[in-house]
Every structure is written in structure tokens, then in C-alpha cells.
Amino acid sequence: MKWFTLLSLLFVALVVAEEERNLPLAESCNLESCQLPDCRCSSTSTPGGLPLRDVPQFVTVTFDDGVNILNIETYRKILYGRRNSNQCPAGATFYINHEYTNYQLVNELYNNGFEIALHSISHQTNQEYWSQATYEDMVREFADQKTQMSHFANIPRSEIKGIRMPFLQLAGNSSFLVIAEHGFLYDSSWPTVQFVGSGLWPYSLDYSSIQDCVISPCPTASIPKAWVSPMISWLDLNGSPCAMVDSCFAFPDREDEEAWFRFILTNFERHYLNSRAPFGFYVHEWYLSTYPAIMNALVRFMNLVNELEDTFMVTESEVIDWVRDPIPVNEYKEKPCKSFAPMPCAATSCGPLRAEHNNLDYWMAICNTCPRTYPWLGNPLGL
Ligand SMILES: *[C@@H]1O[C@H](CO)[C@@H](O)[C@H](O)[C@H]1NC(C)=O
Ligand SMILES: [Zn+2]
């Protein structure tokens, strides 16, 4: 009996390892068989073939890294209470990593209607770890982080849909396989510098991607149910691409609000006046709090967006929802706002909690009972 169990375990292990090596190679996209809502070829054409004048211009503002009592001040100040011209709440997306994150504040962000997405448990700085990450590594970093986030911030698992790799370092097929197999919807880590003027819309990975691979390895297997939300680069003052706003090389004087406002608008207009592909403002909070002129320029830009009748500041998953079911902007404007149930937080402070991976003590602010030890890879709940 024991022998039998061992054998079947061995068999399962082999099958899992095998699955990783033998993913079907993605073939070039077949428009006939790749149809919305579950499949979309990578392409610059508008979803559903809508004429440009019927396409809503989406704006996605996203913030990466831990949420804490300092950066929440910026989020409260510039994001809370915003509405689009259709009177629905304006969205933003947070890619959150675990270390030093205050989960009570994540719960607050969620309750204010923002999207909570994942940015890994460890966020380790070793780039090679990410580029070589196996499927099992990605399960420990992201699938386990969903369990962790849902538990400590008291957010429904089904509302955690997106991931962004640290340093935008892709890991070939493995992170996308986790998206498909662990109930996620999309990745937003893959920059494009080739499809900026005529922007690339989100697409699914059933078929091979036409997207340029900026930080290899990129996925080449066929992975149905995994959506890519391309990070369409900005062009800096010299015309060089930057995926994150705070990684542009030739930028306007950081004290010059007016110049920054124009810089943002110039990049926005490349989308608005051309392909209408979603426009991303991807940034880290420190950049805004360090340079108030840039924060003010962003606020002015968001104020403008919130006035425009055909432009909507939304979360990343709202963009994908629209791509999967594209309706003309006139219809979109009339739709009822997304319904939404706030989640309570049984606020608890915990610590010191010893971390077994580095022997440091941590404190945690959570919406649950205290863990035994500091949660980390392999033990996301700190049991
Ligand atoms: C992804 O899967 C394809 C198809 O099995 C394979 O050819 C490719 O080498 C894989 N990519 C990586 C980085 O492992
Ligand atoms: Zn990061």
C-alpha cells in the first residue's frame, strides 16, 4: 500500500514536471478560431472591430510595491473620491508585494473601489531568479500570494485578478501558466516599444504573440485563459521609450509642473488621437511624493480625464472586461457603475514576528488573527 502511494506520488510529480516541458508551442493566430470573449489575437486593431470614434479611451493609473502608512497619504489625497464623466468611480490598480505591506490599508484601498493586484511575495532583487523562475517558483510567489492577500486584507479571492513581475522581468511561460491555472485573469508586466503609435490592445495567449520581447524570456507556448495587458511605452523628450513613468531618461525638469503636464498630455495624445489603445500611467508612489510638481501635473491630468466624455480612468481588469465584450462608447457611458461590496477589516496588529528566511523581526497590520511567524515563500499565512 505504502509502496503504491509512493509510486503514484512519483507519477504525479513526473506529470507536473512533464507538463512544464511539453507545453504546446503557440501557433500564429487564427482569426477564425480566436474569437471574443475568450480569445483575442495580439493586434493593434480595435476590439470587435469598432470604428475609432466608438472606442472609449481608457486610462490606467497603476502603483507598484508595498502599501504603508506613508504612501497611503498620496493615494488618499490624489485618488479617493474621483469620478469619471459618467459619474462612476474612477479606478486605479495597485500591484502589491508582501514585505512591509500594511494589509489594513490594502483593505481600505479595496473598499474605496481600487483594484488589488499582485507583485510577488518576495520581490527579491536578484533579476536572474525571476528570469529563470519555474512554474513552481511562480506558484509560490503569486498563487500563494493570492491566498495571503485574501486572508490578511480580507478581500475575496475572485477579486484578485492580475499580476506584475518585479522589475518587469518576465519568466517565459511560467508566470502565464500560473495565471491560467490559478484563477487569475491577466499579466501587466510586458512592455512594448514597437507598438506605441499604433498601440497594442490586450490579448490572450492562445496563439503566438506579435509583441516585441523587451525583457526576455517572453512566453511562446499556447496558454489559453491568460491575458496580456501590454505596457505601451511612453516616449521621453528624446523619443526613447520608457515603460514606467519614473524610468524615463530624458524627462522635463522635475520641479516644472507645467512642463510635466505637457509631457503627460503629449504621451496621452499619441493614444487618444491615434489608436485609442489604453493609456497607462505606471509609476511608483515615491516618485510623486519626492517631486510634488509631478504629482500636481498628474492631478491636473486626471482632472482633465475625468471631464472628458469619451475617456475613462479605470482599473486594469475593467479594461480587459471591455476588450472581451466591446461596446460603443455611447453605450458604455450609460451602463450602470460596477457593483461592489465593501469588506470589513477586523484590525489587528501583530509582532514582533520572526522571519525564518532572514531572521529579522517584523510587525504586521492585518484584518485577521495574528500569524505564528512572519509569512513568506512556502508559508504564505505564517502558520
Ligand atoms: C515555453 O514553451 C514553449 C513550448 O513548449 C517552449 O518552446 C519554450 O522554450 C518555453 N519557454 C521557456 C522560456 O521555457
Ligand atoms: Zn516593484
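Among the conditions (1) out of contact with any strand residue (DSSP E or B) (no Cβ under 7 Å at 6 or more places or on another chain); (2) within 12 Å of ligand 1 (Cβ to nearest atom); (3) not hydroxyl-bearing (Ser, Thr, Tyr), the only one that residue 205 does not satisfy is (1).
Of all residues in segment 191-205, exactly one satisfies the criterion of being outside any loop (DSSP other than H, G, I, E, B), closer than 20 Å to residue 240 by Cβ and of a type in the set (S, T, N, Q), namely 192. Among the conditions (1) touching a residue at least 12 places away in the same chain (Cβ under 8 Å); (2) more than 24 Å from residue 164 (Cα to Cα), the only one that residue 32 does not satisfy is (1).
Exactly one residue out of 245, 193 is β-branched (Val, Ile, Thr) and within 16 Å of ligand 2 (Cβ to nearest atom), and it is 245. Within segment 182-190, the presence of a residue that is in a helix (DSSP H, G or I) and assigned by TED's automatic domain parsing to the domain that holds residue 59 is excluded.
Scanning segment 262-313 for residues that are farther than 30 Å from residue 43 by Cα and of a type outside the set (A, V, I, L, M) returns 285, 286, 287, 289, 290, 291, 292, 296, 300, 303.
Being outside any helix (DSSP H, G or I) and charged (D, E, K, R) is a description that applies to residue 212.
Taken over segment 333-383, the criterion of being aromatic (Phe, Trp, Tyr) and at pLDDT below 95 is satisfied by 340 alone. Restricting attention to segment 310-368, the residues that are among the aromatic types (Phe, Trp, Tyr), part of a strand (DSSP E or B) and surrounded by fewer than 16 Cβ atoms within 10 Å (Cβ to Cβ) add up to 1.
Residues of segment 65-95 being surrounded by fewer than 23 Cβ atoms within 10 Å (Cβ to Cβ) and either aliphatic (A, V, I, L, M) or under 14 Å from the mean Cα position of the chain (by Cα) (or both), which ones? Selection gives 65, 66, 69, 70, 72, 78, 79, 90. Here residue 167 meets each of (1) of a type outside the set (Lys, Arg); (2) touching a residue at least 24 places away in the same chain (Cβ under 8 Å); (3) away from ligand 2 (no atom under 14 Å from the Cβ) with one exception, condition (3). Please go through segment 155-181 and give me each residue that is buried (at least 19 other Cβ atoms within 10 Å of the Cβ) and not in a helix (DSSP H, G or I), ordered by number. The answer is 155, 160, 161, 162, 163, 164, 165, 169, 170, 171, 172, 173. Considering 179, 223, 155, 215, the condition of being touching a helix residue (DSSP H, G or I) at 6+ places or on another chain (Cβ under 9 Å) and within 16 Å of ligand 2 (Cβ to nearest atom) is satisfied by 215 alone. The residues in segment 271-304 that are over 26 Å from residue 167 (Cα atoms) and not in a helix (DSSP H, G or I) can be counted, and the count is 1. Scanning segment 284-295 finds no residues that are touching a Gly at 6+ places or on another chain (Cβ under 6 Å), of a type in the set (D, E, K, R), over 18 Å from residue 52 (Cα atoms) and within 16 Å of ligand 2 (Cβ to nearest atom). Let me confirm something: among 45, 28, which residue is within 16 Å of ligand 1 (Cβ to nearest atom) and modelled with pLDDT of 95 or more? So the residue among 45, 28 that is within 16 Å of ligand 1 (Cβ to nearest atom) and modelled with pLDDT of 95 or more is 28.
The values are calculated or read from the model by the stated rules, or taken from the named source; none is laboratory data. Values in this document were obtained by computation on a predicted structure and should not be read as measured data. When we count neighbours, we look across all protein chains shown, and the Cβ atoms used for this are built from the backbone with ideal geometry, even at glycine.
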